[in-house]
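Encoded as structure tokens, the structure appears first; notes follow it.
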Amino acid sequence: MFRIVEDLLSPDQVAHILRLADQANFADGRASNPHNKAKNNLQIDFSDPRFQETSRIMNEALSQNRVFNDAVLPARMTPLMISRYKPGMNYGVHSDAAIIPVRPVPVRSDVSCTIFLADPSTYEGGELVAHVGDGEITVKGKPGSAVFYPSTTYHEVKPVTKGERIVAIAFIESLIKDAEKRNLLYELGELIAEEGFNVSWENRTRMEFLKNNLRRMWDGE
């Protein structure tokens, strides 16, 4: 399940977030995980008030986005954290931690989210690459776009060779723990939305019956 939302943030929202990021303090990305040898980036200082403001703006955009709500089925999530990658910085191959120790309640990372803020034409390298079987999925989104993918996936951020990569990341605990089950519910919901009025009302009701009861069956597993 890799879902890309092209226009999560408006250009004005992106510009505002970037202005706040320019004014914010950043710390070594290893501050939150000092033993992680793969991590080589900068992250916004959690004590900086701009961290709360930028996170709020992006959180509100996510909460109003249909794909996020329907595909991810969020239960809770971490605050959105801005990360910077200057030339020579990268994040080597890794999988995300299963439990993110945020307050007041730790978050189980079922789905990872990257929101792209910097224009990809302004930096070289810095692609988000997910390793799936023997293949790769590469994403380098435009400003304001987002990608959602299973936190269990091996992935990396390629070295930045020029310019600066600026993104925001978050980890989401889903109401449906299993990625394949989430995907099936999303696809069924899309089918109902697109074809539900092209079939008899009886068959539409049957599709809704399947979706609702699969959701009940899988919720909280």
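Miscellaneous remarks
- Residue within the stretch 16-26 that is more than 24 Å from GLY141 (Cα to Cα) and either in a loop (DSSP other than H, G, I, E, B) or more than 18 Å from the chain's Cα centre (by Cα) (or both) present: yes
- Residues that are in a helix (DSSP H, G or I), open to solvent by 40 Å² or more (accessible area, probe 1.4 Å) and either touching a residue at least 40 places away in the same chain (Cβ under 8 Å) or among the hydrophobic types (A, V, I, L, M, F, W, C) (or both) within the stretch 182-214 comprise LEU184, LEU191, ALA193, TRP201, PHE209, LEU210, LEU214, listed in sequence order.
- In the stretch 62-113, residue modelled with the lowest pLDDT [restricted to those that are under 30 Å from GLU124 (Cα atoms) and of a type in the set (S, T, N, Q)]: SER95
- Residues of the stretch 94-112 classified as open to solvent by 30 Å² or more (accessible area, probe 1.4 Å), under 15 Å from PRO74 (Cα atoms) and in a loop (DSSP other than H, G, I, E, B), total: 2
- Considering residues of the stretch 50-64 that are over 16 Å from LEU18 (Cα atoms) and in contact with a strand residue (DSSP E or B) (Cβ under 9 Å, 6 or more places away or on another chain) only, the residue least open to solvent (accessible area, probe 1.4 Å): LEU62
- Evaluation of GLY220 against the conditions (1) open to solvent by less than 30 Å² (accessible area, probe 1.4 Å); (2) on the phi > 0 side of the Ramachandran plot shows that the sole unmet condition is (1).
- From the list ASN90, ASN40, the one residue that fits, being more than 19 Å from the chain's Cα centre (by Cα), buried (at least 17 other Cβ atoms within 10 Å of the Cβ) and among the polar types (S, T, N, Q), is ASN40.
- ILE115 vs. criteria open to solvent by 20 Å² or more (accessible area, probe 1.4 Å), among the hydrophobic types (A, V, I, L, M, F, W, C) and either in contact (Cβ under 8 Å) with a residue 60 or more places away in the chain or touching a Gly at 6+ places or on another chain (Cβ under 8 Å) (or both): no
- Residue check for ALA15: touching a helix residue (DSSP H, G or I) at 6+ places or on another chain (Cβ under 7 Å), at pLDDT 95 or above and open to solvent by less than 50 Å² (accessible area, probe 1.4 Å): no
- Subset tally (residues that are loosely packed, with under 15 Cβ neighbours inside 10 Å and either more than 15 Å from the chain's Cα centre (by Cα) or of a type in the set (Phe, Trp, Tyr) (or both)) for the stretch 138-171: 3
- Whichever residue in the stretch 65-87 is in a helix (DSSP H, G or I) and aliphatic (A, V, I, L, M) and, among such residues, is surrounded by the fewest Cβ atoms within 10 Å (Cβ to Cβ): VAL67
- In the stretch 121-142, the residues that are in contact (Cβ under 8 Å) with a residue 60 or more places away in the chain and at negative phi reach residues that are of a type in the set (S, T, N, Q) and surrounded by 14 or more Cβ atoms within 10 Å (Cβ to Cβ) with C-beta atoms within less than 9 angstrom, at least six apart or across chains, in these pairs: ALA130/THR153; ILE137/THR153; VAL139/THR114; VAL139/SER145; GLY141/THR114.
The values are calculated or read from the model by the stated rules, or taken from the named source; none is laboratory data. As the structure is a computational prediction, the values presented were derived from the model and not from experiment. Please note: Cβ atoms are built from the backbone with ideal geometry, for glycine as well, and neighbour counts cover all protein chains shown. Accessible surface areas use protein heavy atoms only, side chains included; no ligands, DNA or RNA. Shrake-Rupley method; radii C 1.70, N 1.55, O 1.52, S 1.80 Å.
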